[in-house]
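Worksheet: one structure, shown below.
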Amino acid sequence: MNLDISKITSCGSDWETNRYTLLQTISKWQSEIRKNKLYPAIEQSWQLQNKFNDILSENIESKYWLEKEVKGAFIDDKLVLLEKAHQISFQLDKLIDFVKWGLNENIELLDEAEIIKEFVNDNLQIKTLCNKDKYRGKGFILIPDNKIKVYKIYLYELSINWLVDEPVEYLEMELLRSIPLNLVDLSPSQLMYEFVKNTQTIYDPMVYVCETDLDFAFNDTILPIVKSKLLDVVNGLYPYI
């Protein structure tokens, strides 16, 4: 993400400039999303939303502590608020107001992006060409790129990365072939049978075909959603179709 969150949430900074900077970034994300290019804009928008929620929670807690613990001092029977505490409280108010405003601006973008994402997900099916259960962690998938009218055949492999102490699964995808639709007389399933028959890289692999009529941006929308859906299929979260 090009947006420096720590800079625009720095106490004592120019909050009007920060608002302008944030609106510029959200406007760029919105422009991409309205072209049906979801990634990386939707991921960056979620990163912002999660980070802002954390900042809001932390600083509301800090303000509560400040108001509870810093009571000032009695001088001549009058309550005198410590100047430093007053300055901190004022800056916290500015920060909290800015973050709340930013969350409201960003959630509108996320709502729009998630509607498009759900539409793509609903209009994209993954079909298995295997009739028996086997190791699913490595195999092939055919995905149509309807925008440029080609079939793309990928080798996928399930990998695990460690996030703190939690394993996170993801798919590595390697493009093997791009075949123009007008050069193919076979159905996608038949094409994959022929491809596997003439490919010796994997013994008895898992084979999938993605079916969709959508012509959205491939690398920015179709492929990331296929990867997410294929990961669920590989893990058995979706039944074979």
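On the stretch given as the stretch 126-156, residues that are in contact with a strand residue (DSSP E or B) (Cβ under 7 Å, 6 or more places away or on another chain), on the phi < 0 side of the Ramachandran plot and loosely packed, with under 13 Cβ neighbours inside 10 Å total 1.
Looking at the stretch 178-190, can you tell me whether even one residue there is in contact (Cβ under 8 Å) with a residue 40 or more places away in the chain and among the hydrophobic types (A, V, I, L, M, F, W, C)? Checked against the condition, which is being in contact (Cβ under 8 Å) with a residue 40 or more places away in the chain and among the hydrophobic types (A, V, I, L, M, F, W, C), the stretch 178-190 yields no hits at all.
Look at (1) buried (at least 18 other Cβ atoms within 10 Å of the Cβ); (2) of a type outside the set (Asp, Glu); (3) part of a strand (DSSP E or B) and you find that Leu230 fails only one, number (3).
Filtering Phe218, Phe195 for residues that are closer than 14 Å to Tyr151 by Cα, surrounded by fewer than 19 Cβ atoms within 10 Å (Cβ to Cβ), of a type in the set (Phe, Trp, Tyr) and not assigned by TED's automatic domain parsing to the domain that holds Glu43 leaves a single hit, Phe195.
Can you name every residue in the stretch 152-165 that is within 17 Å of Leu231 (Cα to Cα) and either part of a loop (DSSP other than H, G, I, E, B) or in contact (Cβ under 8 Å) with a residue 60 or more places away in the chain (or both)? Tyr156, Leu158 - these are the residues of the stretch 152-165 that are within 17 Å of Leu231 (Cα to Cα) and either part of a loop (DSSP other than H, G, I, E, B) or in contact (Cβ under 8 Å) with a residue 60 or more places away in the chain (or both). Residues in the stretch 30-58 that are farther than 14 Å from Ile96 by Cα and in contact with a Leu (Cβ under 6 Å, 6 or more places away or on another chain): Gln30, Ser45.
Restricted to the stretch 92-115, and to residues there that are surrounded by fewer than 13 Cβ atoms within 10 Å (Cβ to Cβ) and modelled with pLDDT under 90, the residue that is farthest from the chain's Cα centre (by Cα) is Asp93.
Scanning the stretch 166-208 for residues that are over 16 Å from Tyr154 (Cα atoms), assigned to a loop (DSSP other than H, G, I, E, B) and of a type in the set (Val, Ile, Thr) turns up just one, Val184. If you go through the stretch 1-60 and keep only what is of a type in the set (A, V, I, L, M), touching a Ser or Thr at 6+ places or on another chain (Cβ under 7 Å) and either surrounded by fewer than 17 Cβ atoms within 10 Å (Cβ to Cβ) or assigned to a helix (DSSP H, G or I) (or both), you end up with Ile8, Ile55. From the set of residues in the stretch 116-151 that are at pLDDT below 95, outside any loop (DSSP other than H, G, I, E, B) and basic (Lys, Arg), which is nearest to Tyr203 (Cα to Cα)? Once the filter is applied, the top-ranked residue is Lys138.
The values are calculated or read from the model by the stated rules, or taken from the named source; none is laboratory data. Note that the structure is a prediction, hence the values are computed from the model and not measured. Cβ atoms come from the backbone with ideal geometry, glycine included; neighbour counts cover every protein chain shown.
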